[in-house]
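To start, the structure itself, in structure tokens.
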Amino acid sequence: MDAVNPGSEHDEARTDRSAILMMLAYVEAECRRLGVTEAAQHAAQAAALLSPSSMTAAPRRSTALVAMPLVPLH
């Protein structure tokens, strides 16, 4: 009989989230490298929504979009 690890689902979800964040960071960097800044911003926003700090923080409602400064990666 297999032993049941009660924390395994939580660990798997954390691993999945980490992998998605890594992929979004790669997509953002490649979009910036290709000069597609709007797509890069969308990838960065998606990563921010999934980041662990946003999961634990109290939800905030923003009335205006905050412009993110663009930094060249070269």
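Once both labels are positioned 7 Å from their Cα atoms along Cα-to-Cβ, the gap between LEU34 and SER18 label points is 2.8 nm.
Surface composition of the stretch 6-46: carbon plus sulfur atoms contribute 59% of the solvent-accessible area (1.4 Å probe, protein chains only, all chains present).
The values are calculated or read from the model by the stated rules, or taken from the named source; none is laboratory data. This is a predicted model, so every value here is computed, not measured. Heads up, the Cβs are rebuilt from the backbone with ideal geometry, glycines too, and the neighbour counts pull from every protein chain shown. Calculation scope for accessible area: heavy atoms of the full protein, side chains included, ligands and nucleic acids excluded. Shrake-Rupley method; radii C 1.70, N 1.55, O 1.52, S 1.80 Å.
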